[in-house]
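The values are calculated or read from the model by the stated rules, or taken from the named source; none is laboratory data. The structure displayed is predicted, hence computed values, not measured ones. Note that we place each Cβ from the backbone using ideal geometry, even for glycine, and neighbour counts take in every protein chain shown. Just the protein is used for accessible areas: all its heavy atoms, side chains included, with ligands, DNA and RNA removed. Shrake-Rupley method; radii C 1.70, N 1.55, O 1.52, S 1.80 Å.
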Amino acid sequence: MTGSETSPSFRLAYVPGVTPTKWVRTWNERLPDIPLTLVPVTPAEAPAVLRDGGADAGLVRLPVDRTYFSAIPLYTETTVVVAPKDHLVAAADEVTAEDLADDIVLHPLDDVLAWEQRPGLPARERPATTADAIELVAAGIGLLVVPQSLARLHHRKDLTYRPVVEAPESGVALAWPEERTTDMVEDF
């Protein structure tokens with residue numbers, strides 16, 4: 001190998017809540033000589049990281065700009081409400097948005113759900129992140145509606161979550177810039 005050549009590698013961006021473990025394992029089985037580097041990104045950062053070449057592909061939340069990105073939808077997540085274990089929600093198997101009408105429902109700035117009309121009563125201020133909102137739920141300030149993977153990511157012993165029926169869902173996809181479709185992207 002000459003000084004100008006670099007060994008091939010593949011960079012995979014992924015957003016919070018998405019678990020890339022099985023993808024990494026499969027990559028390492030199929031292409032053990034090509035390192036896979038994980039690049040954690042926020043949902044808001046993901047498009048720019050992919051556009052700017054910071055990652056070759058990404059496990060991202062839908063929607064994506066289909067005029068620029070190729071995307072393969074992988075799965076759709078259940079939407080849940082996170083609540084203190086002693087809240088009435090904890091006694092239900094599932095709830096509706098209407099069941100939350102009298103509760104303060106936090107809506108963080110990094111929310112990934114596309115609501116036509118947000119459930120519950122609005123909080124005085126919007127938390128910056130889902131992690132901040134989880135802390136507020138634990139403090140008894142309100143409830144939080146998120147994809148189930150984010151509820152699991154921010155799990156706490158003093159909180160629980162229940163499915164919210166007829167709520168917006170969050171889809172997860174493998175996406176990459178269409179103009180940079182490579183053999184490694186195809187292999188992935």
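Given the criteria among the basic types (Lys, Arg) and in contact (Cβ under 8 Å) with a residue 40 or more places away in the chain, does residue 126 qualify? Judged against the criteria, residue 126 is not a match.
Scan segment 54-70 for residues that are outside any strand (DSSP E or B) and at pLDDT 95 or above and the total you get is 3.
Filtered by the rule that a residue be touching a residue at least 60 places away in the same chain (Cβ under 8 Å) and open to solvent by less than 10 Å² (accessible area, probe 1.4 Å), segment 47-60 gives 50, 57, 58, 59, 60.
What number of residues within segment 12-46 satisfy the criterion of being open to solvent by less than 30 Å² (accessible area, probe 1.4 Å) and assigned to a helix (DSSP H, G or I)? Within segment 12-46, residues that are open to solvent by less than 30 Å² (accessible area, probe 1.4 Å) and assigned to a helix (DSSP H, G or I) number 2.
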